[in-house]
Amino acid sequence: MPAFNPFEMARSQFLKVAEQLELENSVREILLTPLREYNFSIPVRTDDGNFKIFRGFRVHHNDALGPCKGGLRFHPEVSIDTARAQAMWGTWKAAVADIPLGGANGGVICDPHNLSPSEQEQICRKWVRQLARDIGPKRDVISPDIMVSPQHMIWMMDEYEVLEGERRAGITAGKPVRLAGSMGKEESTGYGLVYALREVLYDMNLNPSNTTACVQGFGNVARNAIKLYHEIGGTTICVSCWDQQDQTSYAYKKESGIDLNELKRITDRFGGINKEKARDLGYEVLPGEAWIEQDVDILIPAAMENQITDDNVDIISDKVNIIAEGADGPTTPAADKKIEERGIFVLPDLLANAGGAICSYFEQIQGNINYFWPKDEVLGKLDVKMTSAYYKVSELAEKNKLYMRDSAYIIAVGRVAQACRDRGWV
Ligand code: NAD
């Protein structure tokens, strides 16, 4: 079987919409390929006195609607194609959320589990040095993605400000609140997902208190989604995560409902749950894939791309009626087709997890004006943006009898295509 390529998947999703929108060839061409790409080496002096060379990259997919913004991922398996896909999805995400930004993404092939703080700091600072001319609060704003922390974002901001000779806090998002971060940023992606999910449940006439969910992942997105989902009354019966020691994933199940805080106490900073301690707390420890086959109402994939595939889509229980995609690209096109045929309602990634991008935009604004809003204001603005984006997408889907993913794409691609035309690019 050919290896999964997220960029091929992102392109095929785009081409499907290009057909539906009957986009002219020039628009297809400019949107099918990133505007700019950067590839470079990052030499790091390791703690034992040697040098190790890491590969880094950044991709700007499209900035017709506004400056680029996008995640940075530190992961041994990250590739330029992961970044291309994420950058393209970032463009659509900003557009569907109606924020004036473009899509970017980048990464460094490394495993922070095995790097000291000083080695990680060098990676951050040297990554910025390589790109200083091509990033910035009005060019490309960096936000954290997998295994990238608020501390990494501070080192990057600091390096950029040293090079620029002035304070430019808007260069990175996801910084701690005590240093130019935005209130509510930490919660934003998970909360944003649940703001939209709340509306789906309302539209389906379902009381959240009578619903159950399974979540793949137990990192930032998953934990915050679970927190707010529980606050609105829902019950999560199973979560899964990666086990660094065993190099595999496990699912942790409690039929009566997981206790978020007790699981958080036995979770490492990478979102890995300690399985012995989980067993002691009465959780069943199951193979990783078990999260997808439970009899629940809602599935929330919030770990990685390529998780709901042709191979496992059929084990999704008939009870499931909503899939809310916290991760980017968790569902392959083949699996998506079957999900659509089964009539499961999908809150697609570009809409469901747009809360992080929206709040990064808020952080960029606050950094640029050097004035920071209270948490209620940030989360209130986020709720308004997510709720209105959800209704735009669901109303179009309802009106034109579209699958939710197609509806979201049609809105997003349509807006970006028009911006390219308006600017006279095509
Ligand atoms: P994170 O690093 O905080 O957590 C990732 C979680 O996924 C961890 O619990 C890890 O153990 C788990 N995991 C990794 N591989 C797994 C596997 N094969 N099976 C089961 N679990 C696995 O990352 P995050 O910030 O929560 O991001 C999760 C996903 O959401 C990513 O796809 C990311 O691109 C996407 N996303 C994140 C944000 C954000 O603001 N953090 C915004 C938009 C999209």
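Please treat every number below as a calculation from the coordinates, not as lab data. Please read these numbers as outputs of a predicted model, since none were measured by experiment. Note that each Cβ is placed from the backbone with ideal geometry, even for glycine, and that neighbours are counted across all protein chains shown.
Numbers for the structure displayed
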| read-out | value |
| --- | --- |
| Protection proxy ranking of 120-126, 188-194, 3-9 - average other beta-carbon atoms within 10 Å, highest first | 188-194, 120-126, 3-9 |
| Helical contribution to [θ] at 222 nm, DSSP H n ≥ 4, -39,500 (n - 2.57), averaged over the chain, rounded to 500 | -14000 deg cm²/dmol |
| Coil-residue chymotrypsin sites (Phe, Trp or Tyr not before Pro) of region 327-424, DSSP, other Cβ within 10 Å capped at 10 | TYR371 |
| Span-rule helices in the chain, defined as complete DSSP H runs reaching 20 Å or more along the axis (Cα) with Kyte mean at least -0.5 | 6-21, 80-96, 150-164, 185-203, 354-369, 404-422 |
| Other-chain or far-sequence residues with amide H under 5 Å of GLY257's (modelled H) | none |
| Region 35-181, dipole about Cα centre (Lys/Arg Cβ +1, Asp/Glu Cβ -1), debye to the nearest 20 | 260 debye |
| Sparsely packed trypsin sites (Lys or Arg not before Pro) within region 237-338, loop by DSSP, other Cβ within 10 Å at most 16 | ARG269, LYS319 |
| Most mobile listed residue (MET304, MET183, MET156) in the chain, GNM with C-alpha springs under 10 Å | MET304 |
| Anchor LYS277: aspartates and glutamates whose Cα lies under 20 Å away (excluding residues fewer than 8 positions away in-chain) | ASP243, ASP246, GLU255, ASP259, GLU262, ASP268 |
| Listed residues VAL108, ALA83, ASN62: farthest to the positive end of the dipole of region 35-181 (Cβ charges) | ASN62 |
| Interchain or long-range residues, amide H under 5 Å from GLY102's placed H | GLY66, CYS68, LYS69 |
| Among ILE226, TYR202, THR331 the positive-end extreme of the charge dipole of region 186-352 (Cβ point charges) | ILE226 |
| Whole-Å distance, taken between Cα centres, linking region 41-80 and region 268-342 | 28 Å |
| Partners for LYS399 among lysines (Cα-Cα distance below 18 Å; same-chain residues under 8 apart left out) | none |
| Sparsely packed trypsin sites (Lys or Arg not before Pro) within region 10-48, loop by DSSP, other Cβ within 10 Å at most 16 | none |
| Cβ charges +1 (Lys, Arg) and -1 (Asp, Glu), total dipole of the chain, debye | 1240 debye |
| Reach of LYS69 by Cα under 25 Å, taken over lysines that are not fewer than 8 positions away in the same chain | LYS16, LYS93, LYS126, LYS138, LYS175, LYS185, LYS375, LYS381, LYS385, LYS392 |
| Size of charge dipole - region 268-426 - debye, nearest 20, with Cβ of Lys, Arg +1 and Asp, Glu -1, no other charges | 760 debye |
